Amino acid sequence: MATSSGQGLIRHIGLSNVTTAQIAEAQAITDIVCVQNNYNIVHRDDDALIDDLARQGIPYVPFFPLGGFTPLQSSTLSDVAAQLGASPMQVALAWLLHRSPNILLIPGTTSVAHFRENLASCRLTLPEEAVAELDGIAGDGGGGKG
């Protein structure tokens, strides 16, 4: 995740699939502009890291933002989505956007329709009770903090 300045030098450094200790080690050497790790509504191991990066003004890019759910977790997500008149994936993306202002989403897509569906998630407002129910998903079948 490095970009060249056109002079043979690295202008920006981002890290992927790293621990908090590895980020601190890298920051002792240079500025880090972005961190990308596995994180979603179920896999919540980076909760504290996301908050720390937000305090530092560093974007966090969750990879695999829409996967790894157990049937029970998927059922809960689908129930919340039905209540909101949205798709489960729109709700999962909206939850990530709601989670922290430093989260930068780059969900993959295979079609223009799917792209539009993903884009609509940024306009989805999650009521407090929906957020509370979604926050509990991580404890329903493992995968993160509960």
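The values are calculated or read from the model by the stated rules, or taken from the named source; none is laboratory data. Predicted, not measured: the structure shown is a model, and the values here were computed from it. Here the Cβ positions follow ideal geometry from the backbone for every residue, glycine too, while neighbour counts run over all protein chains shown.
Here's a check for you: in the stretch 59-76, which residue that is modelled with pLDDT of 95 or more and crowded, with 20+ Cβ neighbours inside 10 Å is farthest from the chain's Cα centre (by Cα)? First the steps, then the outcome.
Residues of the stretch 59-76 that are modelled with pLDDT of 95 or more, as a first pass: 59-62.
Cutting the leftovers down to crowded, with 20+ Cβ neighbours inside 10 Å gives us 60, 62.
Details: Tyr60: 7, Pro62: 4 Å.
Going through the qualifying residues, I end up with Tyr60.
Pull up the stretch 84-117, narrow it to residues that are of a type in the set (Val, Ile, Thr) and either touching a Pro at 6+ places or on another chain (Cβ under 7 Å) or part of a helix (DSSP H, G or I) (or both), then point me to the one that is surrounded by the fewest Cβ atoms within 10 Å (Cβ to Cβ).
Residues of the stretch 84-117 that are of a type in the set (Val, Ile, Thr), as a first pass: 91, 103, 106, 109-110, 112.
Filter again for either touching a Pro at 6+ places or on another chain (Cβ under 7 Å) or part of a helix (DSSP H, G or I) (or both), leaving 91, 103, 112.
Details: Val91: 24, Ile103: 20, Val112: 8.
Ranking the qualifying residues of the stretch 84-117, first place goes to Val112.
When the residues of the stretch 13-46 are filtered to those that are more than 29 Å from Phe69 (Cβ to Cβ) and charged (D, E, K, R), which remaining residue is surrounded by the most Cβ atoms within 10 Å (Cβ to Cβ)?
Looking at residues that are more than 29 Å from Phe69 (Cβ to Cβ) and charged (D, E, K, R), I get Glu25.
If you go through the stretch 35-67 one residue at a time, how many are of a type in the set (D, E, K, R) and part of a loop (DSSP other than H, G, I, E, B)?
Within the stretch 35-67, residues that are of a type in the set (D, E, K, R) and part of a loop (DSSP other than H, G, I, E, B) number 3.
Pairs only if they're at least six apart or on different chains, beta carbon under 7 angstrom, first in the stretch 94-120 and without any contact (Cβ under 8 Å) to a residue 12 or more places away in the chain, second surrounded by fewer than 16 Cβ atoms within 10 Å (Cβ to Cβ) and in a helix (DSSP H, G or I); list them, first residue then second.
Matching pairs, first to second residue: Thr109/Phe115.
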